[in-house]
Structure formats: structure tokens, C-alpha cells
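Everything below concerns the one structure shown next.
Read the figures in this text as sums done on the coordinates, not as results from a lab. Computed from a prediction, not measured in an experiment: that's the story for all the values here. Here Cβ is always computed from backbone atoms with ideal geometry, including for glycine, and neighbour counts include all displayed protein chains.
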Amino acid sequence: MDVVNATGEDRLEGLRMLVGSAAGVAARDGDLKAVRQLRFGRPGLDRGRWSEISAMGWLGLRLPEAAGGAGLGMAEYAALTGEVGAALLPEPFIEAQLALDLMGKDAPAEALSGDRLILPAWLDAPDGLTIAGDITEAEGRISGRRRFVPMAAAADAFLVVSSEACWLIDAKAAGLSLEIEDTVDGGHTATLILDGVEADRLSAPDAKALEAAALATASALLGIMERAFAITLDYLKTRVQFGQPIGHFQALQHRAVDMEIEIGLTRAVLHDAIEAFDAGDDCRRITSRAKARAADAAMLVTREAVQLHGAIGYTDEADIGLFLRRAMVLAPRYGSAGFHRQRYGSLTEGRP
Amino acid sequence: MTATASLTAPQPHADLNLLSDTDFRAAVRGWIATNYPQDLRSPPKRLHAAEAMPWYKILSQQGWLAPGWPREYGGMGLTPSKLLILIEEMERYGCARLPDTGVTMVGPLLIAHGTDAQRAYHLPKILSGEVIWCQGYSEPNAGSDLAALRTSAVREGDQWVINGQKVWTTLGMDAQWIFVLARTNPQAAKQKGISFFLVPMDTPGVTVRSIINIDLHDEFAEVFFDDVRIPADAIVGAVNEGWTIAKNLLGFERLFLGSPKQSEGALDHLERLCDHLGKRGDYASLLNGLRMELEDHKSFYTTFADKVRRGDTLGPDVSMLKINQSALYQKIADRIMDVAGELGTLAGQVPDAPTLYPGSVFLQARPTSIYGGSSEIQRNIVARQVLGLGR
Ligand SMILES: Cc1cc2nc3c(=O)[nH]c(=O)nc-3n(C[C@H](O)[C@H](O)[C@H](O)COP(=O)(O)OP(=O)(O)OC[C@H]3O[C@@H](n4cnc5c(N)ncnc54)[C@H](O)[C@@H]3O)c2cc1C
């Protein structure tokens with residue numbers, strides 16, 4: 001049976017099992033020591049965990065069964081990125097998935113099995129969801145530039161994307177140089193300079209893959225804020241000042257309620273966006289709503305979480321700050337809130 | 001007052017209070033432009049003592065380190081209005097914040113409550129930069145509720161023995177001395193049994209561990225006291241009077257927590273970021289709105305500064321200034337993240353624009369609503385003491 005078209009309890013049960021199975025690699029309440037150990041290092045991820053993730057079949061999740069995938073939908077995908085987000089895993093699950101989506105039937109088996117990590121390089125501006133142009137091709141070699149490729153130091157290969165084609169290049173190929181910068185969350189991002197790099201030309205990209213990545217990122221942001229909020233609620237109940245838990249102060253109760261409202265709004269719009277995506281509609285407007293809401297809400301919730309922790313929240317050693325810094329990194333990815341508000345506006349123009 | 005006589009030496013300048021405000025401002029502006037170390041202009045992070053020392057020494061040699069202290073103690077004895085001008089000009093030029101706890105807190109404390117011997121010993125060392133001070137108030141379980149502090153000081157013979165722990169001590173790893181609030185009467189009501197002590201950081205039993213902040217800077221520290229023995233005369237003021245003394249210290253300084261400086265710096269950063277992205281025009285309305293809010297805050301600041309200029313004491317309503325300053329600063333920092341896109345995710349400077357570090361500006365704006373009395377606590381103060389809404 002086609003899972004995406006399955007309805008009601010069957011699909012929900014499947015989702016619950018999927019999320020349950022995720023706990024082994026991406027635990028919502030797991031300790032964050034392992035995450036901390038990988039920060040600011042290269043390659044910055046755990047290849048062992050990457051193998052586990054692929055062994056669970058997550059990488060081919062959305063590919064049709066004929067192409068070696070599981071034929072699952074956006075609901076399943078987003079459920080997993082929510083867990084990965086909450087666990088603060090540094091592994092570029094969404095990026096690897098995007099590369100697979102873009103390659104479709106051309107996706108190499110080693111990529112699906114997790115042995116070869118392929119990361120997409122599609123952006124040349126600091127913001128947006130628009131595939132950059134300006135890749136020149138001559139005699140099977142490409143030249144140009146791509147920026148903001150997350151976790152690039154871990155890649156075995158890159159999928160260079162332009163509006164007319166995708167090219168697969170080896171990470172060690174001659175003519176490819178990487179400029180790597182640390183990001184606040186302890187990961188990194190790279191600029192790829194391509195100067196006559198030998199490349200396998202694949203077909204043109206399907207822009208819908210980027211919509212899926214944006215929704216998956218919105219869901220990761222939701223996971224981040226849910227967990228940051230849970231940690232903060234706990235702190236409000238246990239931190240004592242003036243002889244009582246600080247959660248007894250009405251001023252802080254109201255702040256917690258406002259955070260909960262933001263989380264509820266994000267969950268609601270994300271739910272609708274995922275449903276529209278799986279129904280095969282043109283879901284760009286609602287994807288923009290979901291990504292804009294998730295980005296803003298995650299920043300608000302994690303900022304407030306730090307504030308409600310007081311000075312300890314401003315330290316590197318307190319876990320709550322890890323959530324703020326990951327939110328800072330994911331909020332602009334696949335289009336910032338500002339970008340998506342603008343896009344929503346231009347897609348809405350002329351509509352009744 | 002033999003003790004103070006020895007402090008009158010470094011006064012190379014005439015009484016600047018005699019200048020008109022306009023002339024004074026021009027003189028100060030010119031002097032800063034000539035003397036300020038260029039490599040320390042608008043630093044991206046709070047400087048450590050060693051980094052700030054060149055500027056500390058320049059001010060020290062000029063006799064301008066302690067503008068608010070009376071001239072008899074080696075200060076400039078500036079009137080409040082001149083002092084505000086000096087501070088404004090330094091902020092305007094992007095002068096780095098000094099490790100200034102000695103100047104802003106210990107000096108005024110000793111001038112008001114210290115003994116002649118304490119003044120004679122400590123003030124010259126602050127003025128020369130020989131001793132950097134840090135503030136030991138907060139504890140793990142005494143933050144907003146400072147009066148709950150548990151660090152104890154027990155009298156044994158001619159010594160005090162201190163045990164306990166302080167935390168969030170800004171630049172604690174750089175300091176040679178710390179001033180400490182400690183409990184001297186565990187039986188008394190919370191605020192009544194606290195005393196004020198001066199402790200050399202190299203006393204046996206003092207351990208400092210630096211703490212890394214969320215922007216990965218070792219800005220503050222934990223300080224542990226394990227049977228730390230200090231002489232009987234290391235107390236400031238009377239036994240069990242520490243709370244009152246500490247409260248009095250929070251006078252004039254509260255104005256500076258509301259200074260528009262941080263918001264101004266952040267808005268400048270946002271404008272330069274827009275220029276870098278070639279989007280100044282796209283964000284014109286945002287920038288204008290924030291500029292207007294900043295100007296409004298400056299007007300608000302001026303109403304409080306005018307009180308200080310007239311020599312009035314600031315009331316609890318000055319808390320509103322700090323609330324608004326940190327809110328505006330954080331709002332601008334939030335917009336910086338909105339505009340920066342992927343550039344805001346970088347841990348350091350933007351590679352091709354090293355004066356831009358949007359992620360750091362955002363992170364550094366976080367604690368302004370926490371330190372110096374959190375925005376929640378300031379709102380409680382205004383609600384109770386200004387609006388009369390307390391129980
Ligand atoms: C960068 C930085 C530098 C600092 N430097 C120093 C220093 O040099 N020396 C020093 O002694 N201390 C220093 N501090 C400590 C600072 O004074 C404390 O952080 C502050 O008093 C808050 O205490 P806390 O961190 O324990 O938070 P908590 O008091 O635990 O507060 C946690 C949260 O609860 C809220 N809250 C608490 N009580 C109430 C209430 N009654 N009503 C509503 N909300 C409430 C707070 O606003 C906060 O959001 C520094 C702090 C920072 C962040």
C-alpha cells in the first residue's frame with residue numbers, strides 16, 4: 001500500500017513507530033555530551049551514527065521503492081527531522097536528503113547506504129530558496145562558486161546545483177577549494193570555489209526538493225523549541241529565588257504561556273503545510289508560512305529560554321544555550337523568515 | 001587627613017570644571033582622538049585587563065582615570081554634567097570599556113565608607129592600574145535574590161575567615177582583589193547580617209575558575225573561598241552593615257546601565273550590515289523606525305541625566321531606563337539576525353567584512369536584561385516602588 005495515501009490511524013501508527021525507532025540515534029532527552037564533543041571539530045560529525053541513520057533507512061525515506069527508497073511522505077520525513085532537531089545532531093540529515101531528492105533515480109547506491117555523503121551546493125547568496133546560476137561548463141568540467149554549504153568538511157562528494165543542471169563532483173577533485181568557517185552552533189559552513197572541476201552532469205533539479213528541505217527544517221526548528229521549552233519549564237519549577245520556585249512568579253508564568261502559544265502555532269501551520277505537501281498541491285505559500293513561523297518562533301522561544309535561566313543561560317556550559325545557537329543556524333537556512341514573508345507576498349499577489 | 005595628602009600628587013590638568021560645556025566637550029573630543037589606541041576602537045568583545053591596559057595607563061597618566069572621584073583622592077572631581085560629557089565622548093569614539101570595577105565601585109565605596117588607611121592603600125593602586133578589582137556579590141543560589149547569599153565570614157581572633165562561593169564574577173581571572181558580600185550573622189534577618197570585605201585574590205584558599213560565555217569568551221568566573229583568612233581591618237564599614245552600603249553604591253551607576261551606547265553601536269552595526277548586503281534601501285523603513293526609537297531613548301536618558309546634572313539623586317524610576325535600553329538593544333540585535341541571513345550563523349567575523357560579526361552582536365545583547373538586576377526584577381521595582389502596586 002502507498003503510505004502517503006494511507007489515511008487515519010494506519011499512518012499515525014506508522015509515524016509513532018518511526019519516531020519511536022528514532023530514539024536510538026536521536027533521543028529527545030539524551031545527554032548532549034556527545035554533541036558537545038563534536039563541536040568546532042572537523043569533520044564535525046559522527047560517521048558511526050551516520051551509518052546507523054542510513055541503516056535505519058532514513059536516507060532513502062522519500063525515494064520511491066523502485067529507486068531503492070521507502071516511498072514515505074513528508075509527514076514521516078518531518079517527524080524524523082523534528083527528532084534530529086531536538087537531539088541537536090550535527091549530522092547533515094536534511095542536506096543529504098536534499099541531495100538524494102535532487103538526484104532522484106540517479107542517486108548512487110553508496111549515497112543511500114550512507115557510505116558516501118553527498119552534500120548539495122546550491123546557494124550563492126546569504127539568504128533565499130532560489131537556486132543560484134553562474135556555473136560554467138566546458139568539456140565535462142565546471143567552474144563557479146557556491147556558498148553556505150553546511151558541514152562541508154564531512155562530505156565525500158558535492159552535488160553542485162544550478163537551475164539548468166546538477167553535477168556530481170568528488171570532494172577531493174582537483175580544482176575544488178573550500179573556505180570553511182565555524183558557525184555559532186559548533187558546526188561549519190563552506191564556500192566552494194570551483195575552477196575547472198571534473199564533474200558528472202545529471203538532470204536539472206526539481207525545485208520541489210528545496211520546498212521539502214524548507215519544511216523539514218521548519219520541523220527541526222519545532223523540535224528545537226519543544227525541547228528548549230521543556231528544559232525551561234523544568235528550570236522554572238526547580239530554580240528557587242525569594243524562597244519559591246521562580247515559576248511561581250506570574251510575570252514568568254505569562255512568558256512561558258507565550259512560548260507555548262508560539263510552539264502551538266508552529267505545530268499547527270506545519271501540520272497543514274505537510275498535509276498540503278503530501279497531497280501534491282503547490283504548497284509554496286504554506287511552506288513559506290511554516291518556515292517563517294518556525295524560524296521566528298524558534299528564535300523567540302530559545303531567546304526567552306536563555307533569559308529565564310538568568311546568568312547560567314548565558315554560559316557555554318549550560319545546555320539551554322546550545323538550543324539558541326542551533327536555532328540561530330537553522331532559522332535562515334532554506335530561506336529566512338523575512339525571505340519567506342516576501343515570497344508569500346509575491347505568490348499571493350493577484351489572488352482573490 | 002594625612003592619608004589623603006599623599007593622593008593629591010597626580011593632577012597635571014587645570015580644573016576642567018571651569019571650562020564651558022562646549023569647550024570641555026571639544027577639548028575631550030580632541031584629546032581622545034589624539035590619544036586613544038586605534039587598535040582598541042570598538043572591540044568585538046569585552047577586553048581582558050591585559051588588553052585594555054594601554055588605554056587604562058594613558059588615562060591614568062593624564063589623571064583622567066577616575067573622573068567622578070574628588071580631586072583630593074586623585075580623581076578629576078568633575079561635576080556631574082562634565083562627567084556625562086566625558087562619558088558620552090568616550091562612548092561616541094568607541095573607547096573600550098575598562099576593567100573599571102575599581103574606579104566605579106571600590107573607589108566610591110572607600111571614599112564614602114572606608115577608613116583613611118583603606119583609602120591610602122587602595123585608591124592609588126586603582127589609579128595606577130596596579131590593582132584590578134572584581135565584584136563578588138552573586139552566588140549560585142543568590143542571584144536576583146542577592147540577600148539569600150550564604151558565603152560566610154567568621155571572626156577568629158584578629159582575622160576573618162571566609163568560606164563559600166561567588167559566581168558570574170566579571171573578569172574575575174584578571175583581578176588582584178575582590179570585594180565580597182558575606183554573611184556575618186546567620187541569625188539575623190536576611191539583609192541584616194551581611195558585611196562587606198576586601199580580599200586579595202592571592203590569599204591561600206581563594207580559587208578562580210573562568211567561565212566561558214555563550215559567545216565563547218571567558219568573560220566571567222567562579223571564585224571559591226576555602227578558609228580564606230584576612231585581617232580584621234579588611235571589612236568596609238561596620239559589621240552587618242554591608243547590605244546598606246552595597247545598596248548605596250547603586251546610585252549614579254544606574255544611569256549608565258541605561259546609556260544608549262549599546263543600542264547605538266548595534267544600530268550602527270545593522271546599518272553597516274545592510275550596506276554590505278547592498279540592501280540599505282530595502283530596509284529603509286526598518287532602519288528609520290529603529291533610529292527613531294533610539295532617539296526617543298536618548299530623550300528618555302536625558303531626562304534622567306538632567307537630574308544627575310542638577311545634583312538630584314536618582315529614584316527607582318531609573319529602572320525604566322535600563323529596561324528600555326536592554327529591550328531596544330535586543331530588538332536591534334534581533335533585527336541584525338533577520339537581515340544577516342546565513343552571515344548571522346558565523347561564529348566569528350564575516351570573512352570579507354571583518355568589522356561585521358552579527359552573530360556575536362546578537363549573543364552579546366542577551367545578558368543586558370540579566371545583569372545589574374534583570375528586566376523582570378527592574379519591572380518589579382517600578383511596579384512596587386514607583387507605581388505603588390506592591391503588597
Ligand atoms: C554577563 C554577566 C556579568 C555579571 N557580572 C557579575 C559580577 O561581576 N559580579 C556579580 O556579583 N554578579 C555578576 N553577574 C550576576 C548577575 O547579577 C545575576 O545574573 C543576576 O542577579 C540574576 O541572577 P541569576 O543569574 O541567578 O538569575 P535568577 O535570579 O535565578 O533568575 C532567573 C530568571 O528568573 C527571573 N526572576 C527571578 N526572580 C524573579 C521575580 N521575583 N519576579 C520575576 N522574575 C524573576 C529572572 O529575571 C530571570 O529571568 C553577572 C551576570 C552576567 C550575565
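Give the distance, in whole Å, between the Cα centre of the stretch B:323-356 and the Cα centre of the stretch B:266-314. Comparing the Cα centres of the stretch B:323-356 and the stretch B:266-314, I get a distance of 15 Å. Over what distance in Å are the Cα centres of the stretch A:225-298 and the stretch A:37-59 separated? For the stretch A:225-298 versus the stretch A:37-59, the Cα centre distance is 27 Å. For B:Lys125, a cut-off of 19 angstrom between C-alpha atoms picks up these aspartates and glutamates, skipping any fewer than 8 places away in its own chain: B:Glu51, B:Glu72, B:Asp100, B:Asp116, B:Asp174, B:Asp202, B:Asp233.
Helix A:250-278 axis versus longest C-alpha principal axis of chain A: approximately 30°, rounded to the nearest ten.
In chain B, taking the dipole from charged Cβ atoms about the Cα centre, the farthest positive-side position among B:Ile132, B:Gly74, B:Thr355 is held by B:Gly74.
The sum of -39500 (n - 2.57) across all DSSP H runs of n ≥ 4, divided by the residue count of chain B, sets its helix-only mean residue ellipticity at 222 nm to -12500 deg cm²/dmol. Averaged over the residues of A:302-313, the number of partner chain Cβ atoms lying within 10 Å of the residue Cβ comes to 5. Here the Debye sum runs over all C-alpha atoms of the protein assembly as shown as equal scatterers in vacuum, and log10 of I(q)/I(0) at q = 0.08, 0.11 Å⁻¹ comes out as -0.73, -1.18. Each Lys and Arg contributes +1 and each Asp and Glu -1, all at the Cβ; summed about the Cα centre of chain B, the dipole is approximately 780 debye. Each label point was placed 7 Å from the Cα along the Cα-to-Cβ direction; for B:Ala117 and A:Ala109 their separation is 8.8 nm. Here the stretch A:9-112 is assigned +1 on the Cβ of each Lys and Arg and -1 on the Cβ of each Asp and Glu. Its dipole about the Cα centre then comes out at about 460 debye. Remark: mean inter-chain Cβ contacts per residue of B:345-355 equal 5, using a 10 Å Cβ-Cβ cutoff to other protein chain atoms.
Each listed q (0.15, 0.16, 0.19 Å⁻¹) maps to a log10 I(q)/I(0) for the stretch B:133-241 from the Debye sum over equal C-alpha point scatterers, namely -0.58, -0.65, -0.90.
Net charge within 14 Å of B:Arg183 by Cβ-Cβ distance, Lys/Arg positive one each and Asp/Glu negative one each, not counting B:Arg183 itself? Spelling it out: positives minus negatives among the neighbours equals +2. Computed over chain B, the P(r) tail beyond 37 angstrom holds 23 percent of alpha carbon pairs.
Between the beta carbons of B:Lys331 and B:Val386, assuming R0 = 25 Å, the FRET efficiency works out to 0.60 to the nearest 0.05.
Ordered by the count of other Cβ atoms within 10 Å of each Cβ, fewest first, B:Trp133, B:Trp160, B:Trp243 give B:Trp243, B:Trp160, B:Trp133.
Distance distribution note for the stretch B:256-322: the fraction of Cα pairs above 13 angstrom is 68%. With 20 Å as the limit, the listed pairs B:Lys82/B:Lys331; B:Lys166/B:Lys322; B:Lys261/B:Lys298; B:Lys192/B:Lys247 have B:Lys82/B:Lys331; B:Lys166/B:Lys322 beyond it between alpha carbons. Principal axis extents of the Cα atoms in the stretch A:128-268, from largest to smallest and rounded to whole angstrom, are 74, 29, 20.
Peptide packing: for A:261-274, B:316-329, B:31-44, the average count of neighbouring Cβ atoms within 10 Å per residue gives the ranking B:316-329, A:261-274, B:31-44, highest mean first.
Pop the C-beta distance of B:Ile58 and A:Val19 into the FRET formula with R0 = 56 Å and round what comes out to the nearest 0.05.
The calculated FRET efficiency here is 0.35.
With a 10 Å cut-off around each Cβ of A:324-331, the average count of Cβ atoms from other chains is 4. Here r is the Cβ-Cβ distance between A:Asp200 and A:Ala125 and R0 is 30 Å; the resulting FRET efficiency, rounded to 0.05, is 0.70. Counting charges near B:Met201 (Lys, Arg +1; Asp, Glu -1) among other residues having Cβ under 12 Å from its Cβ returns a value of -1.
Per-residue ellipticity at 222 nm from helix content only, as computed over chain A with -39500 (n - 2.57) for each DSSP H run of at least four residues, stands at -15500 deg cm²/dmol. Based on Cα atoms of chain A, Rg over Rh with Rh as the Kirkwood radius reads 0.98.
Solvent-free Debye calculation, one equal scatterer per alpha-carbon of the stretch B:258-386: log10 I(q)/I(0) at 0.13, 0.14 Å⁻¹ equals -0.59, -0.66. Take every Cα pair under 8 Å whose residues are at least 6 apart in sequence, average their separation, divide by the length of chain A, and the relative contact order is 16 percent.
Summing charges over all other residues whose Cβ lies under 12 Å from the Cβ of B:Gly102, with Lys and Arg as +1 and Asp and Glu as -1, gives -2. Within the listed set A:Arg293, A:Arg42, A:Arg145, the Gaussian network model of chain A (springs between alpha-carbon atoms below 10 Å) gives the highest mean-square fluctuation for A:Arg42. In nm, to one decimal, how far is the B:Asp282 label point from the A:Asp156 one, both placed 7 Å along Cα→Cβ? Roughly 3.8 nm, to one decimal. Against chain B, whose longest principal axis comes from its Cα atoms, helix B:116-128 is set at around 30 degrees. Ordering A:Leu322, A:Ala78, A:Ala66 by the projection of their Cα atoms onto the charge dipole of chain A, which places +1 on the Cβ of Lys and Arg and -1 on the Cβ of Asp and Glu, puts A:Leu322 at the extreme positive end. Listed by chain and number, the aspartates and glutamates whose C-alpha is less than 13 Å from the C-alpha of B:Lys307, apart from same-chain residues fewer than 8 away, are B:Asp317. Counting other Cβ atoms within 10 Å as a rough exposure proxy, the listed residues A:Met328, B:Met201 run B:Met201, A:Met328 from fewest neighbours to most.
Does a label point 7 Å from the Cα of B:Gln187, set along Cα-to-beta-carbon, have any residues of the stretch B:237-271 with amide nitrogen under 18 Å, and which are they? Under 18 Å, as judged by backbone N against the label point of B:Gln187, lie B:239-241 of the stretch B:237-271.
With the simple model of a label 7 Å out from the Cα in the direction of the Cβ, A:Asp134 to A:Ala174 spans 2.7 nm.
Computed about the Cα centre, the dipole magnitude for the stretch B:258-386 is approximately 440 debye when only Lys and Arg (+1) and Asp and Glu (-1) carry charge, each at its Cβ.
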